[in-house]
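In what follows, a single structure is set out as structure tokens and then discussed.
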């Protein structure tokens, strides 16, 4: 009996030592595990007992086997001590679900790489769980779901690190922000068209002249970049913008209808040979208006849009790709840096660069290319 008890103690000591070595990284992840013979000799145990301990650690995920090769050390498990919450828009606010998924993947992946855990919940669900005390202690909040028209919102958080999307937060003075660098995108789109020889470049806006929080600030910023590029080139931007009296952020169909209505003014001006559209749906609205006006292909302007979503861009529209995963990762970095004291002081605004993908519509006389006009409408064209 005494001998059996002693064997059991040595067995538990072996398991505890191996478990600690795996969890603390003393055994390098991916390295071969100590051999059965080595462990048996070191701990004065039989090979069968050692093999049983190794099987238990394999079941725990601390070790893994490669058939006909051997047993190896797994990655140390993450102790989930920090939770970061991403609040998602309510379903009726979703205009670009594919893009939201990219942002969520970027956020969650970066949080995981930082050794932490994430939650992604719609606004209503998150508020309900908070009210019921069923949320874990949070280390940070990515408030992606805020909309100024919503009666339900998380509200300001002084103690909890918070990141929001620029232009969609009321307490911006106390909140870190992330966004795409829309102004730089507007400049680059215009410079691209200038390099192609265009001198009169219009801007098809979706924001109204007067707007508050959440009213398409990205459209406003893209217009500002467009204007800066024209002025830097010594060109007059006055009279080259069309914009709605009121803004709507309901969905892309609204943006396309607005673009179609406004584009008529630009298309009636033969001096305007190129247009920067606030987003791809607005550009598709312009194409629909051109077809409805029976505008000869030779008079269709060159066009650059924003979003470059596969479901919208078809095959011809020059557009900017919005790297959603990079935006989500930037939000995660900001929260983690605040939570760990790496970032102190005033709120910061991190802007993520967009990438121009030149396609057919920014080339000269693109609309004369066979089939181009038909493709330009995209799969969701109104025409």
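Every read-out reported here was derived from the displayed coordinates using simple, explicitly stated rules and does not represent laboratory data. None of these values were measured; they are calculated from a predicted model. All Cβ positions, glycine included, derive from the backbone under ideal geometry; neighbour counts span all protein chains shown.
Odds and ends about this structure:
- Taking each residue as 0.36 nm, the span from residue 159 to residue 265 lengthens on full extension beyond its C-alpha to C-alpha distance by 33.2 nm.
- Ranked by the mean number of other Cβ atoms within 10 Å per residue, highest first, peptides 19-30, 39-50 order as 39-50, 19-30.
- Based on C-alpha pairs under 8 angstrom that are at least 6 apart in sequence, region 7-73 has a relative contact order of 38 percent.
- Annotation for residue 257 and residue 353: the two label points, set 7 Å from Cα along the Cα-Cβ direction, are 3.9 nm apart.
- When 64, 252, 84, 180 are sorted by how many other C-beta atoms sit within 10 angstrom of their C-beta, beginning with the fewest, the order is 64, 252, 180, 84.
- The Rg/Rh ratio of region 7-73, with Rg taken over Cα atoms and Rh as the Kirkwood radius over Cα pairs, comes to 0.93.
- For the peptides 123-129, 343-349, the ranking by packing is 123-129, 343-349, with the highest mean count of neighbouring Cβ atoms within 10 Å listed first.
- Applying 1/(1 + (r/R0)^6) with r as the Cβ-Cβ distance of residue 68 and residue 321 and R0 = 51 angstrom yields a FRET efficiency of 0.70.
- Residues 218, 226 in ascending order of nearby Cβ atoms (within 10 Å, fewest first): 218, 226.
- Arranged from fewest to most other beta-carbon atoms within 10 Å of their beta carbon, 352, 111 become 352, 111.
- Inter-site label distance for residue 181 and residue 129 at 7 Å from Cα along Cβ, in nm: 3.5 nm
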